[in-house]
Amino acid sequence: TSHTLEPDHPKLPKGKTIALIVLDGWGEAKPDKYNCIHVAETPTMDSLKNGAPEKWRLVRAHGKAVGLPTEDDMGNSEVGHNALGAGRIFAQGAKLVDSALETGKIFDGEGFNYIKESFEKGTLHLIGLLSDGGVHSRIDQLQLLLKGASERGAKRIRVHILTDGRDVLDGSSVGFVETLENDLAKLREKGVDAQIASGGGRMHVTMDRYENDWEVVKRGWDAQVLGEAPHKFKSALEAVKTLRQIPNISDQYLPPFVIVDDSGKAVGPINDGDAVVTINFRADRMVMLAKALEYADFDKFDRVRYPKIRYAGMLQYDGELKLPSKYLVSPPEIDRTSGEYLVHNGVRTFACSETVKFGHVTFFWNGNRSGYFNAEREEYVEIPSDSGITFNVQPKMKAVEIAEKARDAILSGKFDQVRVNLPNSDMVGHTGDIEATVVACKAADQAVKIMLDAIEKVGGIYVVTADHGNAEDMVKRNKKGEPQLDKNGQIQILTSHTLEPVPVAIGGPGLTQGVRFRKDVPDGGLANVAATVMNLHGFEAPSDYETTLIEVVDN
Ligand code: 3PG
Ligand code: CO
């Protein structure tokens, strides 16, 4: 069981304080002007990279190494932190949904049968992120779901889209809307009353996370459920094209809109007797909407109307909360995580980030599980994020505050593992603002220094790594790796993550003499970090974990 005592590591002692630092969106790429990590002053990370070669390496953070369907899938924080914490590679949401659609099992399951009950009299609403980013959702999965549902009796379908521009290029929303409109037109030819009903940019409408700003979810609710929004259009294509013209507005930040008929009436509010599916497989940015749809008791905003619907998630987003209770595909069962093992083996753990990444070092780290394993041995601290801003205007974010909390935790002697996520390079990288991303990288580097200094003082160990790439490459490239120009000869800013590997650095005065990275794990990935950290805490890792990255040589 998860309470098994892990055997002692034959050569490594217990009781060292370990700082486990995850730089979000910090990959390794060729130095050029679009590599913000290279451009930024990052003396601390540079010193790790240029220090002892046996204490710094790269690991894979994308594709199959983190349980994604293909090697073309960039890494992301969910799968990255899952791998870092769980020490094994699990088939992730994207892949599980693919298989369920391929085999058709998705349409035989309990979740689909549940929503199907509404097809006769009600409308089927599909809400989610419209792109091929593959981080939260994929448009081809939506297409298969539309096809499958219409073939199985859905007669009236409304799609509530959230435009992306964050996991994909800004401006690509137009093409995705065209694709979806074509599909819906084909369904209409077959006699299915299918339309886009509402929309908005993912960062402004619906897809908030970790309860940073409920207003975001409320804006979505008003459009999707109540059929009310400040902008009304006859078609979604017109909506997206028009709203993109607003100065400083990009796909991610489109204001909410509803589609109306000739008489000005919203075409698709959610009503009693309807079915709703949230089509994202990734949890963090769907949990809040799931709560609004599922909980009769709800006080986060005034829902005005709470329709009696049949609701299912693409996946179950929170296994602990059983939210939502109905879902189309079972989520990965990420059990026996390193966090759980360590806590049950007496390792006192502190975890901290600011709101926008808080669940990453807790919920995702612990295998999509909320709460403590043992409240007496754990403390999770959330620093409130600024809300209502895009982080390019505040690129330092709460890096210093996070680092100082971690420093205090290290110096307190109350914890064996002090784990943080520094969001800067990722959150600012996603805005596509290169100058601000450079500032963000510098801020993250300074935060690392604060924690490494504390580790120095207490004779501890540090492990510095990242969950996936982002800030190290801010431009779309062609196959040769050169910046790819658009029709107008302009470079295209890359707001998304990358396929790049990420660093792992170990060190500190507490690191036992002779510990170094092994040379026989050249393809090591994020999942190898968990065993490595367990070893540094003085434990052998469970035998089914991906192998450790370190060895101890006698000198
Ligand atoms: C987001 O949700 O902000 C992006 O889609 C992915 O970013 P993350 O995986 O770094 O959280
Ligand atoms: Co990101």
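The values are calculated or read from the model by the stated rules, or taken from the named source; none is laboratory data. Predicted model only: the values in this text are computed from it and were never measured. Heads up, the Cβs are rebuilt from the backbone with ideal geometry, glycines too, and the neighbour counts pull from every protein chain shown. In case anyone asks, the SASA skips ligands and DNA or RNA and just uses the protein heavy atoms, side chains included. Shrake-Rupley method; radii C 1.70, N 1.55, O 1.52, S 1.80 Å.
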Quick one: what pairs do we get from the range 413-431, first residue farther than 17 Å from Q446 by Cα and of a type in the set (G, A, S), second within 11 Å of ligand 2 (Cβ to nearest atom) and open to solvent by less than 10 Å² (accessible area, probe 1.4 Å), C-beta under 6 Å, 6+ apart or different chains?
-> G429/G25; G429/N470; G429/A471
Checking P43 against (1) touching a residue at least 40 places away in the same chain (Cβ under 8 Å); (2) within 30 Å of H204 (Cα to Cα); (3) out of contact with any Asp or Glu (no Cβ under 6 Å at 6 or more places or on another chain), which single condition isn't satisfied?
-> (2)
From I506, I461, grab the single residue that is of a type in the set (V, I, T), under 15 Å from V22 (Cβ atoms), in contact with a strand residue (DSSP E or B) (Cβ under 9 Å, 6 or more places away or on another chain) and more than 16 Å from ligand 2 (Cβ to nearest atom).
-> I506
For the range 493-554, list the strands (runs of 3 or more DSSP E) that sit wholly inside it and hold at least 2 residues that are out of contact with any Cys (no Cβ under 8 Å at 6 or more places or on another chain) and open to solvent by less than 20 Å² (accessible area, probe 1.4 Å); which are they?
-> 502-507, 515-517
From the options V428, V448, V420, residue that is closer than 20 Å to G339 by Cβ and β-branched (V, I, T) | V420
Limited to the range 64-89, what total is found for residues that are assigned to a loop (DSSP other than H, G, I, E, B), within 12 Å of I334 (Cβ to Cβ) and open to solvent by 10 Å² or more (accessible area, probe 1.4 Å)?
-> 2
Within the range 235-249, the residues that are buried (at least 22 other Cβ atoms within 10 Å of the Cβ) and either modelled with pLDDT under 95 or within 26 Å of the chain's Cα centre (by Cα) (or both) are V240
Mind listing whichever residues of the range 384-393 are outside any loop (DSSP other than H, G, I, E, B) and buried (at least 17 other Cβ atoms within 10 Å of the Cβ)?
-> F391, N392
Evaluate the following for D140: is it assigned to a helix (DSSP H, G or I) and open to solvent by 40 Å² or more (accessible area, probe 1.4 Å)?
-> yes
Does V553 satisfy the criteria of being of a type in the set (A, V, I, L, M), closer than 28 Å to P43 by Cα and more than 16 Å from ligand 2 (Cβ to nearest atom)?
-> no
State which residue is nearest to the chain's Cα centre (by Cα) when the search covers only the range 512-555 and only residues that are farther than 23 Å from V66 by Cβ and small (G, A, S).
-> G538
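Do we have any residue at all in the range 426-433 that's over 19 Å from the mean Cα position of the chain (by Cα) and either of a type in the set (V, I, T) or in the same structural domain as A530 (by TED's automatic domain parsing) (or both)?
yes
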All but one of (1) open to solvent by 10 Å² or more (accessible area, probe 1.4 Å); (2) more than 16 Å from ligand 2 (Cβ to nearest atom); (3) outside any loop (DSSP other than H, G, I, E, B); (4) over 16 Å from I455 (Cα atoms) hold for K396, so report the exception by its number.
-> (3)
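One residue is enough: does the range 406-422 have a residue meeting the conditions among the basic types (K, R), part of a helix (DSSP H, G or I) and open to solvent by 40 Å² or more (accessible area, probe 1.4 Å)?
Our first condition is that a residue be among the basic types (K, R); within the range 406-422, this holds for 407, 414, 419.
Filter once more, so that each one left must be part of a helix (DSSP H, G or I): 407.
Cutting the leftovers down to open to solvent by 40 Å² or more (accessible area, probe 1.4 Å) gives us 407.
Within the range 406-422, one or more residues are among the basic types (K, R), part of a helix (DSSP H, G or I) and open to solvent by 40 Å² or more (accessible area, probe 1.4 Å).
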Matching residues, the range 124-171, being away from ligand 2 (no atom under 16 Å from the Cβ) and more than 17 Å from I196 (Cα to Cα) | D132, G148, E151, R152, G153, G171
Output the residues belonging to the range 427-448 that are part of a helix (DSSP H, G or I), touching a Ser or Thr at 6+ places or on another chain (Cβ under 7 Å) and within 20 Å of F358 (Cβ to Cβ).
-> V428, G429, A440, A444, V448
Check the range 26-41 and report whether any residue there is buried (at least 23 other Cβ atoms within 10 Å of the Cβ) and among the charged types (D, E, K, R).
-> no
Among the residues of the range 22-48, count how many are more than 16 Å from ligand 1 (Cβ to nearest atom) and either within 22 Å of A409 (Cα to Cα) or aliphatic (A, V, I, L, M) (or both).
-> 6
